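Every number here is computed from the coordinates shown, using simple stated rules; none is lab data. Just so it is clear, the structure is predicted and the values come from calculations on it, not from any experiment. Glycine also receives a Cβ, built like all others from the backbone with ideal geometry; neighbour counts cover every protein chain displayed.
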Amino acid sequence: MNLSSSRVVNIADLRSIAERRVPKVVFDYLDGGADGEVTLRENCRAFESVLFRPRQAVAFPEVNLRARVLGHELSVPFMLAPVGYSRMMHPGGEVVAARAAGIAGTGYILSTISGHMLENVKAATPAPTWYQLYLVGGREAAEGAIERARNAGFSALVITVDTAVAGMRERDPRNGMKELLSGSLLSKIPFVPQILSRPGWLLSFLLDGGMPDLENVVIPGQGPMPLIDVTVSLGRSAVTWADLRWIRESWKGPIVVKGILIADDARRAVDEGAAAIVVSNHGARQLDYVSPTIRALPEIVAAVHGQTEVLMDGGVRRGSDIVKALCLGARAVLIGRAYAYGLAAAGQAGVARAIEILRADVDRTMRLLGCGAVSELNRSYIEYPCEWERAAKA
Ligand SMILES: Cc1cc2nc3c(=O)[nH]c(=O)nc-3n(C[C@H](O)[C@H](O)[C@H](O)COP(=O)(O)O)c2cc1C
């Protein structure tokens, strides 16, 4: 795969390659959002409402891109968000994504919906690795995963709280996601041509053993949960604030609460002892018509008064998006689709290219902005719609 700097200039280029390499059902699972995809579009578009106010005639021999998150030093102010079903995008899946993150000196968050064993993912990177917990499979399976994550050296547990049920991603039923995962041979037939039209992907998928099990959701007495059961079991296993209590008994390390969009929930997370929160709408895959996350960020930053670290994700496709989020008070940003397009396009090399594109973007944006360190970014470098600020004060 040719990922040269003339062929792959930005994340949109990786997206196009991914679209050509994987079947439509896989690409749309990765690319799509909930319902009418209004928030999906807004997550990206809202960054356009933030404009820069550069300081001219300053130069730096080097820009300090390091960010400190939960006591870890990251070489860049972004890390890799949990992305489920990564092994369907590329056989290397979570292992190669974590490896690419580690080589770049940044962190990786492993989803519960993962096809590789968490021990193998951790072994692929010396950099900070966090485990994202869903309660699919029930409490005992979750406690088993927590213990394995602790033994393997994961340093934080991420609790995703915006998944009371799985969102309605309309592209998935149209593409026959359910039939292809679990249907009878007859029900699969209408959806097979899209798979056959991607023979390279199909061959690597078959050589990898076909549909992976959820290696990190081990049901006592039964073994790893089959992938097909996820949607139904998500609906039966919503995480509530009450669950945080028993989770805290099992996991003594830092807990990150992911999926916060309003001030009250941010304060609740602080009260429950969250070491960090992620302002996130799950990449617009859950409830449609919620705020784009860059717009929700000022409200959350104001609400927590520095009592917990604030991260954000959603719609980040350029380094300038990352710089804008840092100016608005995020300590670091999580990237989701931006690296997953790279994974689907070219495995580890694609993830590495995505990280490099964003790193170079952040470096260049900082220099053009006249700011020598990400830790020095603040609101004086941007202007943004005043109603975002009013929401923060309300
Ligand atoms: C294909 C895909 C799968 C995802 N799976 C998970 C998951 O298993 N757990 C989770 O907490 N978030 C999951 N997310 C949400 C991401 O962690 C992150 O919040 C989101 O991708 C950020 O938006 P962005 O893709 O626009 O960067 C997923 C996102 C995508 C695109």
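Quick notes
- Interatomic Cα distance distribution for the range 238-335, bins of 5 angstrom, percent: 3, 14, 26, 23, 19, 11, 5, 1
- Rg/Rh ratio calculated on Cα atoms of the range 46-203 (Kirkwood radius): 1.07
- Fluctuation leader among 16, 75, 86 - the chain, Gaussian network, Cα springs under 10 angstrom: 16
- Proximity of backbone amide H atoms, modeled 1.01 Å from N, is registered between residue 160 and 133, 258 at under 5 Å, excluding neighbours fewer than 5 places apart on the same chain.
- Proximity of backbone amide H atoms, modeled 1.01 Å from N, is registered between residue 168 and 35 at under 5 Å, excluding neighbours fewer than 5 places apart on the same chain.
- A straight chain from residue 41 to residue 390 at 0.36 nm per residue would run longer than the Cα-Cα distance by 123.3 nm.
- Quarter of Cα convex hull surface for the range 111-216, i.e. mean projection, nm²: 8.6 nm²
- Nearest-ten-degree value, helix 138-152 long axis tilted from longest Cα axis of the chain: 60 degrees
- Taking the longest Cα principal axis of the chain as reference, the axis of helix 337-369 is set at about 0 degrees.
- Scattering profile of the range 21-115 at q = 0.14, 0.17 Å⁻¹ [log10 I(q)/I(0), Debye over alpha-carbon scatterers]: -0.81, -1.03
- For the range 272-394: Kirkwood Rh in Å [reciprocal of mean 1/r, alpha carbons]: 15.3 Å
- For the range 119-185 versus the range 337-352, the gap between their alpha-carbon centres in whole angstrom: 19 Å
- The helix-only estimate of mean residue ellipticity at 222 nm for the chain, built from DSSP H runs of length n ≥ 4 each weighted as -39500 (n - 2.57), is -13000 deg cm²/dmol after division by the residue total.
- Amide H contacts of residue 64 (H built 1.01 Å from N, under 5 Å, at least 5 apart or other chain): 373, 374
- Full-stretch length increase - residue 213, residue 238 - with 0.36 nm per residue and alpha-carbon distance subtracted: 6.9 nm
- Separation of the residue 57 and residue 12 label points, Cα + 7 Å toward Cβ, nm: 3.5 nm
- Computed over the chain, the quotient of the alpha carbon radius of gyration and 2.2 N^0.38 Å is 0.95.
- Among 219, 113, 300, residue whose mean-square fluctuation peaks in a GNM of the chain (springs only between Cα atoms under 10 Å): 219
- Acute angle (nearest 10 degrees) that the helix 93-103 long axis makes with the longest principal axis of the chain, alpha-carbon atoms: 30 degrees
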